[in-house]
Amino acid sequence: MGVFEKSMKVMNELFARDYQFALATTNNNIPSIRFVDTYFEDGCFYIVTYAKSKKVRELEINKNVSLCNKLYNFSGVAYNLGHPLNPQNSKIRERLIRVFKPWYFKHNDENDEFMCYIKVELTHGFFFKDGTGFKVDFITKKVDEFPFVFDIDIIE
């Protein structure tokens, strides 16, 4: 297994579940940030949201976004995939319903025409697990792997 494949295995272990990140978007060079639930699959994060929300309006103007939680951080390009019931969304819809099962239908109304999925195609990122850090260029599939110890006290 190559280093990129190893890093994707770690990404799946960490993020192929309901995982919250702070999502940063911009409008007129003014940043905006909020927490969102995400699911990772095949080099992308997926978000369930509302097409008229501020985050969707901003990413339609500027598709470049960032995700951060603790020291994990990623940059990518975000796309509105449209309504969950669109035929092209059927496979990811199945996964998102399963992953977000405790709250998916409680907080989302698929009868609402403005419900949508966002896909964030990653370009760069940093994450770590079990004493190893990974700095990944998802475009070139170049990975720097190095010893990394998370020794920062997080105060909440």
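A few notes on this one:
- Scanning region 1-54 for residues that are aliphatic (A, V, I, L, M), within 22 Å of Asp130 (Cβ to Cβ), touching a helix residue (DSSP H, G or I) at 6+ places or on another chain (Cβ under 9 Å) and touching a residue at least 24 places away in the same chain (Cβ under 8 Å) gives a single hit, Ala16.
- Matching residues, region 131-150, being exposed (fewer than 15 other Cβ atoms within 10 Å of the Cβ), outside any loop (DSSP other than H, G, I, E, B) and either free of Cβ contacts under 8 Å to residues at least 24 places away in the same chain or over 20 Å from the mean Cα position of the chain (by Cα) (or both): Asp137, Asp144, Phe146, Pro147
- For the residues Leu23, Leu59, Leu67, Leu14, the requirement of being part of a helix (DSSP H, G or I), among the aliphatic types (A, V, I, L, M), surrounded by 20 or more Cβ atoms within 10 Å (Cβ to Cβ) and touching a Phe, Trp or Tyr at 6+ places or on another chain (Cβ under 9 Å) singles out Leu59.
- Residue pairs whose Cβ atoms lie under 9 Å apart, separated by 6 or more positions or on different chains, with the first residue in region 116-130 and farther than 26 Å from Leu85 by Cβ and the second of a type in the set (D, E, K, R), are Thr123/Asp137; His124/Lys135; His124/Asp137; Gly125/Lys135; Gly125/Asp137; Phe126/Lys135; Phe127/Lys135; Lys129/Glu13.
- Going through (1) in a helix (DSSP H, G or I); (2) surrounded by fewer than 11 Cβ atoms within 10 Å (Cβ to Cβ) one by one, Asp153 falls short only on (1).
- Asn111 being more than 15 Å from the chain's Cα centre (by Cα) and either charged (D, E, K, R) or under 28 Å from Val136 (Cα atoms) (or both): no
- Criterion: farther than 27 Å from Ile152 by Cα, polar (S, T, N, Q) and in a strand (DSSP E or B) - qualifying residue of Thr38, Thr49: Thr49
Every number in this text was worked out from the coordinates using simple rules, so none of it is lab data. Computed from a predicted structure; not experimentally measured. Ideal geometry is used to build each Cβ from the backbone, glycine not excepted, and the neighbour counts take in all protein chains shown.
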